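Every read-out reported here was derived from the displayed coordinates using simple, explicitly stated rules and does not represent laboratory data. Remember, it's a predicted structure, so these values are computed and weren't measured experimentally. Using ideal geometry, Cβ is built from the backbone for each residue, glycine included, and neighbour counts are taken over all protein chains shown.
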Amino acid sequence: MMQLEKFSYDNKIVRDFGIATIVWGIIGMTVGLLVAMQLFKPEMNMGNQYTTFGRIRPLHTNAVIFAFVGNAIFMGVYYSLQRLLKARMFSTALSKIHFWGWQLIIVSAVITLPLGFTSSHEYAELEWPIDIAITVIWVVFGVNMFGTIFKRRERHLYVAIWFYIATFVTIAVLHIVNSFQLPISFLKSYYVFAGVQDALVQWWYGHNAVAFFLTTPYLGMMYYFLPKMANRPVYSYKLSILHFWSLIFIYIWAGPHHLLYTSLPGWAQSLGVAFSIMLIAPSWGGMINGLLTLRGAWDKVREDVTLKFMVVALTAYGMATFEGPMLSLKQINAVAHFTDWIVAHVHVGALGWNGFLTFGIMYWLVPRIYKTELYSKKMASFHFWVGTLGILFYAVPMYWAGFTQGLMWKEFTQEGLLKYPNFLTTTLQIIPMHVLRGIGGALYLSGVVVMAYNLGKTMLKGSLVADETAEAMPLAPEIEETDPADKKWHRVLERKPMKFMVFSLIVILIGGMIEMMPTFTIESNIPTIASVKPYTPLELQGRDLYIKEGCVNCHTQTVRPFRSETERYGEYSKAGEYVYDHPFLWGSKRTGPDLHRLGGKYSNAWHFNHMLDPNSMSPGSIMPPYPWLITQTLDISTTEAKIKAMQTLGVPYRKGFELEANDKLKQQAEEISADLKQNNINVKSDKEIIALIAYLQRLGADIKANKSTIPSNQ
């Protein structure tokens, strides 16, 4: 006869990830508040190259997604997994490696992104050595998780663990595919994919990073912590099965809805739209399953602040997952895309769903591992209300700003002319909305600071139970099930973790392969344009400076086939124009105008003065100045390596061109410097500003100009 086995839960690792969640949350949100303020008060860029909007905006997104949310995920997983499996984590050493490795990765982001080391892929800006480190630490996490599953004392895997497994395998696939890069040097690389292909891979990754990092692990935590808080079972086991499998299958197809009206093949856009609409059903299935778990417990919701956070989180999840599919409809997307409407949509999910679920879990979890009561329920209640108010002050003005932008950009006069031809007119119109957004962010951040104080005092008041004793029956040898319910396919699958992982992997691979394979294997999907030539060496260096300064965070480079856009910017963009773009730079937000047809529109002197003092060329501009580009010498020691890398990637530079690339670079730089001198601007030809001007003047030139006017790099 089997006897109870005694063991202990590792609460120390839970505590460590919890503290990291609070610390990085405050840091990431503070940077976010600074970024928000820069959009109505450019002086907040602080006049140096390390704190401009373009450099620290990705720092904000990485800190909030991977530092705040990432640590919260690991906190919740390490706490719930042990208790659901009735087993201590597989390896305390792996837990520590996971924790410290993840923190070092975050610190590396804090250092490299402000320094301008970025791949430019949204939500994946970190360069190749850090990508490798992420892969290693993710594998450590996976080994620790599956090792714990294998030594479990519970036969069946609870629904929360299904979501944890799907998160692990899908993030691994997304990260690896999206990180196909050719290193040029330590912290500099070029993506293997170019143009349309790169865009498809990036938004397959970008959308599903939201799906499988910001959503599925949080759904797993919701399925564990919400019933615990309410002391009620999950509403429907059958609905959780339908929710899980339909969600992970459908979500993976929806990425192309970020690329509507671009030069992505139409069939891929249509697939993205269709699956985005279908995504409403499983998303709302999860929300309903969560909210109905609270049936009969609404009196407790009114009294328990942790449940208040959970209810608002689920409501925000429902709103965001309804709005997302609506925004994928082409008629709505045509107005909303590139505007602050998208910013509002994203932050309803981030602040409401991820933020509030994290706060609710922390208020519930910390007192339990410290065996004490929460220091102040009044402070927690204050946090709830000030946080809710912060979300409203953030989202409502951004919706208003987005509607304003979308409509002003498209408005024509009775004479058939653009009513607001100057992009800056729209920017100035929405500045009051950005001020209100900043107030909302400050309110939300103040709530987090109050939470940090409250939980800190709770920890000091109690004492951490680092090794919490527990006991359970050992896992009995599997025998033939006699209960018909246990013979059903899913109950059988719940007992087979490796099969469950493989099935999850197959389900998420189907959509990605069907969408990407034709684009990569059928040459006619990306037609070439004879006049499109590779960048000159100077333009290539200028393009890398454009990436380094984060210009893609404010400017798009894709003109959509709308009359309002072709009237404002020029001919709409073609897939063949991007075949040499490693990486693509289509952007996702127009804080400034689109630049794809910028080449030749302004003189070299205009660009010089605009970078030195944007207000001198565009009065009222919120763009920061870039004086360091005028004083810093362009590093041309990498030119040969960059040309070789491009040749490896299929860019048709002639053989041996890399050996004469710097001579060509200097020749073109001298021409631009001489032209500037004619306008009484004395700047040496070896400065970074010269390379950036060369790149900006090239944008769209292959389509607008005769081939003979394009500088030769052959």
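May I ask you to list the aspartates and glutamates whose Cα is less than 14 Å away from that of residue 86, ignoring any residue fewer than eight positions away on the same chain?
5, 10, 154, 467, 468, 471
Using the alpha-carbon centroid of each, what span in Å lies between region 90-161 and region 321-345?
Between the Cα centres of region 90-161 and region 321-345 lies a distance of 31 Å.
Could you give the semi-axes, largest first, of the ellipsoid that matches region 537-709, computed as the square roots of 5 times the alpha carbon gyration tensor eigenvalues and rounded to whole Å?
Computed over region 537-709, the values are 24, 22, 15 Å.
Once you have the Cα-Cα distance between residue 637 and residue 525, take 0.36 nm times their residue separation minus that, and quote the gain in nm to one decimal.
Difference between extended and current length: 36.7 nm.
Using all alpha carbons of region 176-318, what is the percent of pairwise distances in each 5 Å bin, ordered from the shortest bin to the longest?
Values per bin, smallest distances first: 2, 9, 16, 17, 14, 11, 10, 8, 6, 4, 2, 0, 0.
Report the gain in length on full extension from residue 322 to residue 413: 0.36 nm times residue separation, minus Cα-Cα distance, nm rounded to one decimal.
29.3 nm
Working from Cα positions, state the angle (0 to 90°, nearest 10) between the long axis of helix 497-521 and the longest principal axis of the chain.
20
Calculate how steeply helix 431-461 sits against the longest principal axis of the alpha-carbon atoms of the chain, using the helix alpha-carbon long axis, and give the answer as 0 to 90 degrees to the nearest 10.
So the inclination is approximately 30 degrees.
May I ask you to derive the FRET efficiency for residue 176 and residue 666 from their Cβ-Cβ distance with R0 = 41 Å, giving the value to the nearest 0.05?
0.55
How far apart, in nm, are the 7 Å Cα→Cβ label points at residue 228 and residue 431?
A separation of 4.9 nm, rounded to one decimal place.
Would you pull out the residues with amide H under 5 Å of residue 190's amide H, same chain only if 5 or more places away, H placed 1.01 Å from N?
Long-range HN contacts for residue 190: 182, 184.
What is the distance in Å between the Cα centres of region 677-694 and region 562-597?
26
Volume per residue, Å³, of the convex hull around the alpha-carbon atoms of the chain?
Each residue corresponds to 163 Å³ of Cα convex hull volume.
Computed over the Cα atoms, what is the radius of gyration of region 302-459 divided by 2.2 N^0.38 Å, N being its residue count?
The reported ratio for this selection is 1.30.
Which percent of Cα pairs goes in each bin when the distances of region 617-675 are cut into 5 angstrom slices starting at zero?
Histogramming region 617-675 at 5 Å steps yields 4, 14, 17, 17, 15, 12, 10, 7, 3, 0 percent.
For residue 378, give me every one of the aspartates and glutamates with a C-alpha distance below 15 angstrom, ignoring sequence neighbours fewer than eight places off in its own chain.
303, 304
State to the nearest 20 debye the size of the charge dipole of region 537-709 about its Cα centre, where the only charges are +1 on K and R beta carbons and -1 on D and E beta carbons.
It works out to roughly 400 debye.
How charged is the neighbourhood of residue 696? Take every other residue with its Cβ under 10 Å from the Cβ of residue 696, and add Lys/Arg as +1 and Asp/Glu as -1.
That works out to +2.
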